[in-house]
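To start, the structure itself, in structure tokens.
Taken together, the values in this text are just the output of simple stated rules run on the coordinates, not laboratory data. Quick caveat: nothing in here was measured; it's all calculated off a predicted structure. Here the Cβ positions follow ideal geometry from the backbone for every residue, glycine too, while neighbour counts run over all protein chains shown.
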Amino acid sequence: MKVCIVGVSGKLGKYMVQHSLDRGYEVVGVCRDRSVGKLDAFKGRIAVIPGATNDREVIKNAISGCDGVLTVLVPWGAHHYSSGTAQAVLDYARPGARLVFSCGWHITRDGLDVYPSTFKRDETVARWLGRLTRLVDIDDQVEACRRVFASDTLWTVVRGSDLEEGESEGLPVWSRHVGDPILESNLTRRVDYALFMVEALKNDELIHEAPAIVGCRAPSALAHAAAAGAQADP
Ligand SMILES: NC(=O)c1ccc[n+]([C@@H]2O[C@H](COP(=O)([O-])OP(=O)(O)OC[C@H]3O[C@@H](n4cnc5c(N)ncnc54)[C@H](OP(=O)(O)O)[C@@H]3O)[C@@H](O)[C@H]2O)c1
């Protein structure tokens, strides 16, 4: 399997490289020119194409012939970086390729997510600060996901909870809607977020889904598993 990781030099991207190499995949990565050095640990094991991830020619070249594309959608800048990145991937991926995108819980696919009030407050502040400083454009990440949801490609949008560093705990669990009790702990190890992204490439049940994930050892996930076990074995 040949995979392209778009936004490969970030924390999530590097974890995805390791998971992909562990599976014997051929890896091509795209990152900004100035960030290529962050990938020195993988020198000789992956191909790196330097460039902005919303540069359509860069993406066309990088994802040509790839069976899967893992895209880190980030709301940076005020120049449609996120939607430009998503659109280029949607336009140039080969038909039948699996496309997996990352974003946060704040993205909603069907409007049925129920958010804690603190979550909505923090999002409003981030939006407002982003507009003021022009450093962050959350609405553009929303637009990027809207375009993915409308696409007939084989997409999955993985919605991450709050993240923490640490050893892997295993594949995160997921639910369709924020507000579902299993997600209540709102915490996932970043290495496991990357694991979920890479595993999604081969999980057809996740095609056209926008799973909201949480760590499999998070208290809410464990409580859900215990309740399911008690029901199965009264
Ligand atoms: N952080 C969280 O708590 C959190 C929570 C839920 C979901 N997520 C999602 O997880 C994914 C990864 O997020 P992360 O926070 O863990 O970050 P990350 O993996 O470190 O990735 C950040 C990415 O943004 C790029 N970037 C940084 N500044 C940029 C700029 N000014 N212009 C263009 N690109 C820039 C980085 O590229 P360089 O290497 O070139 O700097 C890198 O590819 C995202 O999709 C995010 O929405 C994050």
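Filter Lys2/Lys60; Lys2/Lys38; Lys14/Lys120; Lys60/Lys120; Lys38/Lys202 down to the pairs with a C-alpha to C-alpha distance above 26 Å, please.
Details: Lys2/Lys60 15 Å; Lys2/Lys38 21 Å; Lys14/Lys120 29 Å; Lys60/Lys120 36 Å; Lys38/Lys202 28 Å.
Table pairs above 26 Å Cα-Cα are Lys14/Lys120; Lys60/Lys120; Lys38/Lys202.
Between segment 23-89 and segment 138-203, the alpha-carbon centres lie 19 Å apart. Between Val173, Val148, Val214, the Gaussian network model of the chain with springs among Cα atoms under 10 angstrom shows the greatest mean-square fluctuation at Val173. Shown in residue order for segment 134-151 are the 3J(HN,Hα) couplings computed by the Karplus curve 6.51 cos²θ - 1.76 cosθ + 1.60 at θ = phi - 60°: 6, 8, 10, 9, 5, 4, 6, 5, 4, 5, 4, 6, 4, 5, 5, 4, 7, 7 Hz (x for Gly and Pro). Taking one quarter of the surface of the convex hull spanned by the alpha-carbon atoms of segment 70-115 gives a direction-averaged projected area of 4.2 nm². How are the C-alpha pair distances of segment 84-212 spread across 10 Å bins, as whole percents from the shortest bin up? Going out from 0 Å in 10 Å bins, segment 84-212 shows 12, 40, 37, 11, 0 percent. Pairs of Cα atoms in segment 141-207 fall into 5 Å distance bins, from 0 up to the last occupied one, in shares of 3, 15, 23, 24, 22, 10, 3, 0 percent.
Cβ-to-Cβ counts within 10 Å put Thr133, Thr71, Thr85 in ascending order as Thr133, Thr85, Thr71, the fewest first.
With N denoting the number of residues in the chain, provide Rg(C-alpha) divided by 2.2 N^0.38 Å, to two decimal places. List each step's numbers first, then the result.
Details: Rg = 17.5 Å, N = 234, 2.2 N^0.38 = 17.5 Å.
Rounded to two decimals, the normalised Rg is 1.00.
Summary value for the chain: 19 percent relative contact order, contacts being C-alpha pairs under 8 angstrom separated by 6+ residues. The modelled label-to-label distance for the pair Thr133/Ser35, using points 7 Å beyond Cα in the direction of Cβ, is 1.7 nm.
Test of understanding: ordering Trp155, Trp128, Trp76 by Cβ neighbours within 10 Å, fewest first, what list do you get? Please list the in-between numbers first.
Details: Trp155 28, Trp128 11, Trp76 15.
With the sparsest Cβ surroundings first, the list reads Trp128, Trp76, Trp155.
Where the alpha-carbon atoms of segment 175-234 are placed on the principal axes, they occupy 36, 23, 19 Å, in descending order.
Rounded to a whole number, what is D in µm²/s for segment 47-129 from Stokes-Einstein with the Kirkwood radius over alpha-carbon pairs (37 °C, 0.692 mPa s)?
Working: Rh = 14.6 Å.
D, rounded to a whole number, is 225 µm²/s.
Panel order for Asp137, Asp40, Asp192, by other beta carbons found within 10 Å of each beta carbon, from fewest to most: Asp40, Asp137, Asp192.
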